[in-house]
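What follows is one structure encoded as structure tokens, with my remarks underneath.
The values are calculated or read from the model by the stated rules, or taken from the named source; none is laboratory data. Not measured: the values here are computed from a predicted model. Cβ sites come from the backbone with ideal geometry, for glycine too, and all protein chains shown count toward neighbours. The protein model used for the area step is the full one, side chains on, heavy atoms only, and it has no ligands, DNA or RNA in it. Shrake-Rupley method; radii C 1.70, N 1.55, O 1.52, S 1.80 Å.
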Amino acid sequence: MIVRSDVVALIRDGLSDRAIARELGVSRRTAGTIRRTVGAPSVREVYALTPDQMWDRYAQPTYTGGHMDWTGPTNHSGVPIVKSCHVSYSARGMAFRRRYGRDPVGYVRATCDRKGCVAEEHVADAPMRAELNAQYNAIFGGAR
Ligand SMILES: [Zn+2]
């Protein structure tokens, strides 16, 4: 059994076996076999998950640094997303809401330097990032 990385990538993107078959010209059976081989749930199972269950399944703590890697779906620009009932939204936005109990203002970004990190402790919305920058400048001075 050859596990094609392009099939795996589309499974991780949340495509159904049928959509993968259409996209890559493989059979649905092949797509389904690869899905089981890599231990990925079927799309129907994924959509049945609540956002919190999806978080528990896809957010994986790293061994060091307190980061969280996202092993679930991403959008076309690689941003981690949570899909529920065919609605998708940012996984970092969800991390933010879990941690702060409110909706973020503007984009939520990771404040650490790990690409794709979704750790609840490492996300900040636009006003928080501005605040962090102001504190940094107050401590270390401006560009001079
Ligand atoms: Zn991090």
Note down the nm distance, to one decimal, between modelled labels 7 Å out along Cα→Cβ at T62 and at A126.
2.7
Local electrostatic count, P51, Cβ distance below 12 Å [Lys/Arg +1, Asp/Glu -1]
+2
What number, in nm² with one decimal, is the all-direction average of the projected area of the convex hull of the alpha-carbon atoms of the chain?
10.9
For M68, list long-range residues whose amide hydrogen, built 1.01 Å from N in the peptide plane, is under 5 Å from its own amide hydrogen.
T62, V118, A119
Accessible surface, per residue, of the chain when the full set of protein chains is kept, probe 1.4 Å, Å²
64
Ordered by number, the trypsin sites (Lys or Arg not before Pro) in region 40-121 that occupy a DSSP loop and have at most 11 other Cβ atoms within 10 Å are R102, K115
Please compute the length gained on full extension between S77 and I2, using 0.36 nm multiplied by the number of residues separating them and subtracting their Cα-Cα distance.
24.3 nm
Using the basic label-point model (7 angstrom from Cα toward the beta carbon), what is the R22 to V87 distance in nanometres?
2.4
Solvent-accessible area, 1.4 Å probe, carbon plus sulfur percent, for the chain
51
Dipole check, region 3-87, charges on Cβ (K,R +1; D,E -1), about Cα centroid: among P80, G39, S27 the Cα furthest to the positive pole belongs to S27
Mind pulling the angle between the C-alpha long axis of helix 28-37 and the longest principal axis of the chain? Nearest 10 degrees, somewhere in 0 to 90.
60
